[in-house]
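To keep things clear, I will list the structure first and then write my remarks on it.
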Amino acid sequence: MKIAFFDTKPYDREAFTTCKDSEHFNFRFYETKLNEDTLALAEGCKAVCVFVNDTVNAKVIDGLYAMGVRYLALRCAGYNNVDVAHAYQKLHVVHVPAYSPYAVAEFAMGMLLTSIRRIHKAYNRTREFNFSLSGMTGFDLHGKTVGVIGTGRIGRVFMDICRGFSMQVLAYDKFPQEGVGIDYVSLDELFAGSDVISLHCPLTQETQHLIDAAAIEKMKKGVVLLNTSRGALIDAEALVEGLKARKIGAACLDVYEEEADVFFEDFSGHIVNDDVLARLISMPNVLVTSHQAFLTREALENIAETTLSNLRDISKTGRCENELCYRCGNVDNCKNQRCEKCF
Ligand code: NAI
């Protein structure tokens, strides 16, 4: 099977070409992102493999289908960039639901500790032989309350890590899980009671701008906000206002609403046009990383292995447990129904 890979970086190419199943596939790697202008690069391929910032809208799906593409493999968990409903009966869409929840959850805790203990500032200071501790006072996590929104794979690992720090854990999920020892509260209770809030739910129409000015208003003064999920969960302009008003004590952002134009690329010699991003980066209590939370050796190996086995399964049997199935109307007998939810 010929696969056109879009938005690839050296680490993607290495993971796929060294994967144990790679000899059964013919890889075509492109650095460019998939969109209406670049879809022609998939000519002659049966499958297309995309990442978080490729655009797979109705036009792209129709264009790919017309040129004979039948499989769309996301080498990530989130699929908010794909019009899954439009792909129904055109492209089989498969994703990698879990490649390493530990990678993301551990990174979220890393960002939290870095931010509240000023480790990034200490690193810069001591490199210049500045051993002053002025302005470096942090706070203990022990005994503080963390609110986790989205208690799926990553959220649950993050909760375990927080419990290891003796934090109180509050959780909110649209689909709460019974009998797993999670203390679910309403979203408003979580906002009001948390010293730290961490987002681990997917981006959907419902969760877009889940954290907006009204939500920020309900939070504790000095709250630390962590987002390692998807940028548009937070209204970035409301976040800037919340930080300026000193309502938000710190923000750790591995994702950003408008990241598609800047993240993963080197703009160090350029003037970035995004004023909101520039304002956030300029603030001493904001830590921005470039959608890096997933990037561990283990995660890359799992992504490559699962993506190739997804494509092998779906092309050979027409079925794959990692297929994203748009609601087919056959909920009682849906072959792809998972977690008691049919998309
Ligand atoms: P998951 O599917 O295991 O868990 C998501 C949870 O969110 C589920 O429990 C679900 O019921 C809940 N949820 C759905 N709609 C909700 C709503 N409206 N309000 C509250 N909760 C809701 O997903 P997983 O693996 O834990 O990943 C979570 C998110 O993390 C992904 O959607 C993805 O956007 C992001 N992610 C970010 C990465 C990074 O490198 N920064 C890497 C991997 C994932």
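Evaluated with a Cβ-only charge set (Lys, Arg +1; Asp, Glu -1), the range 79-213 carries a dipole of roughly 620 debye about its Cα centre, given to the nearest 20. Taking the centroid of alpha carbons for each part, the range 276-297 and the range 88-129 are 10 Å apart. Here K121 is the anchor, and the lysines within straight C-alpha reach of less than 21 Å, apart from those fewer than 8 places off in the same chain, are K244. If you bin all the Cα-Cα distances of the range 142-198 at 5 Å, starting from zero, the percentages per bin are 4, 23, 35, 26, 11, 1. Qualifying trypsin sites (Lys or Arg not before Pro) in the range 175-224, where qualification requires a DSSP coil assignment and no more than 15 other C-beta atoms within 10 Å, comprise K221. Oblate is the label for the range 88-200. Its Cα gyration tensor axes, ordered a ≥ b ≥ c, give a/c of at least 1.5 and b/c at or above a/b.
In bins 5 Å wide, starting from 0, what share of all Cα pairs of the range 3-56 does each bin hold, as a percent? Reading upward from the zero bin: 4, 20, 32, 24, 14, 4, 1. When both bridge partners sit in the chain, DSSP labels roughly 5% of those beta bridges antiparallel.
Across all Cα pairs in the range 210-296, the calculated P(r) in 5 Å bins from zero up to the longest distance comes to 3, 14, 27, 26, 17, 9, 4, 1 percent per bin. Rolling a 1.4 angstrom probe over the protein heavy atoms with all chains in place gives the range 233-301 an accessible area of 52 Å² per residue. Entry comment: accessible area of the range 37-171 is 45 Å² per residue, from protein heavy atoms only and a probe of 1.4 Å.
Loop-located chymotrypsin sites (Phe, Trp or Tyr not before Pro) in the range 105-140 (DSSP state other than H, G, I, E, B) with a sparse environment of at most 15 neighbouring Cβ atoms within 10 Å: F129, F131, F139. Computed over all pairs of different Cα atoms, the Kirkwood value for the hydrodynamic radius of the chain is 21.4 Å. Quick one: grab the alpha carbon gyration tensor of the range 168-210, order the square roots of its eigenvalues as a ≥ b ≥ c, and give me rounded if a/c is under 1.5, else prolate or oblate depending on whether a/b is larger than b/c. Oblate is the answer for the range 168-210, as a/c is 1.5 or above yet b/c matches or exceeds a/b. Give the aspartates and glutamates reachable from K174 as a straight Cα distance under 12 Å; neighbours fewer than 8 places away on the same chain don't count. Partners within reach: E206. GNM remark for the chain: springs join alpha carbons under 10 Å apart, and the peak mean-square fluctuation among N273, N26, N285 falls on N273.
Modelled spin-label separation between V180 and E206, with each label point placed 7 Å from Cα along the Cα-to-Cβ direction: 1.6 nm. The distance linking the range 212-273 with the range 56-79 is 30 Å (Cα centroid to Cα centroid, whole angstrom). The GluC sites (Glu not before Pro) of the range 253-298 meeting both criteria, a DSSP state outside H, G, I, E and B (loop) and at most 11 other C-beta atoms within 10 angstrom of the site's C-beta, are E265. Only helices enter the 222 nm calculation for the chain: every DSSP H run of n ≥ 4 contributes -39,500 (n - 2.57), and dividing by all residues gives -9500 deg cm²/dmol, rounded to 500. In this simple spin-label approximation, N273 and K218 carry label points 7 Å from Cα along the Cα→Cβ vector, and these lie 3.6 nm apart. Take the convex hull of the alpha carbons in the range 22-111; its mean projected area over all directions comes to 7.0 nm². Shape class of the range 210-261 from the alpha-carbon gyration tensor: prolate, with a/c at 1.5 or above and a/b greater than b/c.
Pull up the cross-link candidates among the lysines for K33, meaning alpha carbon to alpha carbon under 19 Å and not fewer than 8 places away within one chain. By straight Cα distance, K33 reaches K2, K9, K46, K59.
The values are calculated or read from the model by the stated rules, or taken from the named source; none is laboratory data. All figures in this text were calculated on a predicted structure; none of them were measured in a lab. Cβ: placed from backbone, ideal geometry, glycine included. Neighbour counts: every protein chain shown. Remember, those area values only see protein heavy atoms, side chains included, never the ligands or the DNA or RNA. Shrake-Rupley method; radii C 1.70, N 1.55, O 1.52, S 1.80 Å.
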